[in-house]
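To start, the structure itself, in structure tokens.
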Amino acid sequence: MNELTLSVTGMTCIDCARHVEKALWARPDIIAADVAYPQG
């Protein structure tokens, strides 16, 4: 299994992070995804 860490810019809220995570999970080649939006 390969691991890839992506840096996503332009997220302005937790809903943005959820949208990115949902898009990743929709791909058949993705078996795990965790998107975190830093609070603060």
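The values are calculated or read from the model by the stated rules, or taken from the named source; none is laboratory data. Everything numeric in this text was worked out from a predicted model, so none of it was measured. Here the Cβ positions follow ideal geometry from the backbone for every residue, glycine too, while neighbour counts run over all protein chains shown.
For ALA32, the requirement of being under 8 Å from the mean Cα position of the chain (by Cα), at negative phi and surrounded by fewer than 11 Cβ atoms within 10 Å (Cβ to Cβ) is not met.
The residues in the chain that are hydrophobic (A, V, I, L, M, F, W, C), part of a loop (DSSP other than H, G, I, E, B) and at pLDDT below 95 can be counted, and the count is 12.
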